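Enquirer: Encoded as structure tokens, here's the structure I'll be asking about.
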């Protein structure tokens, strides 16, 4: 198809033996159970529970970044562990792709083109972030979303660095696993680009359902845009930059403004 980047080695890969197909399916299942697949199942249960409670979803709230200890140093160490877990998830995806013959360069992590990748990342952040905010506000107004509180971490010296680092770690884990890893492995199984994209987007939407149905739909649409961009360009840096920017604006912006704007939750 015109405008598409051919999947690495797609023209020379022989058909998979049944055992090879089974191994890849088992690998995908294990990775998803360890990472975002289990998060998706947990989010679905959370949404069902919230829907069964009295009142609308918008009457309830969910915090994305919370303190885990009243002791500042211990709380900081908990935040570091959260960040390391996400980094490990991303590293797992890269390692398994490398073992499969798809090194970082082949999945879009070649040497970054600072001007081009940053510009594309900022453009994607604007394309997703601004409509996403409107989508959230509308969903909250009609009772499809919980009230999302981006951060409840106390004002400490490490709060902003931790939120920024978490945004980058979250971006890396999601875009590497949900886009580069999952779509690449589904390609290997012979799934078409549209089917692989749909499954990737459904996974992304599923693990955001704890924020409400509107959040799940919004992130599903984000997954379609991000996944298609990667399929057509084979560049992962813009997705990492865009996702990190969206999270930084949400996390840090809320942390800095919540004491100054009375309408913020």
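Enquirer: At 37 °C and a viscosity of 0.692 mPa s, what translational diffusion coefficient does Stokes-Einstein give for the chain, taking Rh as the Kirkwood radius over Cα pairs? Give it in µm²/s as a whole number.
Expert: Once the numbers are plugged in, D ends up at 169 µm²/s.
Enquirer: Something else now. Computed FRET efficiency, Cβ-Cβ of residue 147 and residue 189, R0 30 Å: what is it to the nearest 0.05?
Expert: Computed FRET efficiency for residue 147 and residue 189 comes out at 0.15.
Enquirer: Please identify, among 219, 170, 68, the residue showing maximal mean-square fluctuation in a Gaussian network model of the chain using a 10 angstrom Cα cutoff.
Expert: 68
Enquirer: Could you tell me whether segment 17-112 comes out rounded, prolate or oblate from its Cα gyration tensor? Rule is a ≥ b ≥ c as square roots of the eigenvalues, rounded for a/c under 1.5, then prolate if a/b exceeds b/c, otherwise oblate.
Expert: It comes out oblate by the Cα gyration axes.
Enquirer: While we're on this one: Over the chain, what is the relative contact order in percent, taking alpha-carbon pairs closer than 8 angstrom and at least six residues apart?
Expert: Worked out over the chain, it gives 32 percent.
Enquirer: Further question on the same structure: What number, rounded to the nearest 500 deg cm²/dmol, is the helix-based mean residue ellipticity at 222 nm of the chain, given -39500 (n - 2.57) per DSSP H run of at least four residues and division by all its residues?
Expert: Value at 222 nm, helices only, nearest 500: -21500 deg cm²/dmol.
Enquirer: Sticking with this one: List residues of segment 75-94, by number, whose backbone nitrogen lies under 20 Å from a label position 7 Å along Cα→C-beta of residue 38.
Expert: Zone members listed by number: 78-94.
Enquirer: Please check: in the Gaussian network model of the chain (C-alpha springs, under 10 Å), which one of 22, 228, 85 has the largest mean-square fluctuation.
Expert: Of 22, 228, 85, the Gaussian network model singles out 22 as fluctuating most.
Enquirer: While we're looking at this one, here's another question. Using a Gaussian network model on the chain with a 10 Å cutoff between Cα atoms, which of 115, 223, 132 fluctuates the most?
Expert: Of 115, 223, 132, the most mobile in the Gaussian network model is 115.
Enquirer: Residue 78 versus residue 46, label points 7 Å from Cα toward the beta carbon: distance in nm?
Expert: Modelled inter-label distance: 1.5 nm.
Enquirer: What is segment 202-259's relative contact order, in percent, from Cα pairs under 8 angstrom and six or more apart in sequence? Don't skip to the end; give the middle numbers.
Expert: Numbers: 27 pairs, mean separation 12.3, N = 58.
Relative contact order, segment 202-259: 21 percent.
Enquirer: May I pose another question? If you count, for each residue, the other Cβ atoms within 10 Å and average over each peptide, how do 148-157, 180-189 line up from highest to lowest?
Expert: 180-189, 148-157
Enquirer: Take 111, 116 and order them by how many other Cβ atoms sit within 10 Å, fewest up front.
Expert: Ascending Cβ contact count within 10 Å gives the list 111, 116.
Enquirer: Also, quick follow-up: Using packing as a proxy for protection, rank 245-253, 39-47 so that the peptide with the highest average count of other Cβ atoms within 10 Å comes first.
Expert: 245-253, 39-47
Enquirer: Can you tell me the length gained on complete extension of the stretch residue 122 to residue 66, counting 0.36 nm per residue apart and subtracting the Cα distance?
Expert: Here the segment from residue 122 to residue 66 would lengthen by 17.4 nm.
Throughout, read-outs are computed from the coordinates displayed, never taken from laboratory work. This one's a predicted model, so the numbers in the text were calculated from it and none came from an experiment. Note that we place each Cβ from the backbone using ideal geometry, even for glycine, and neighbour counts take in every protein chain shown.
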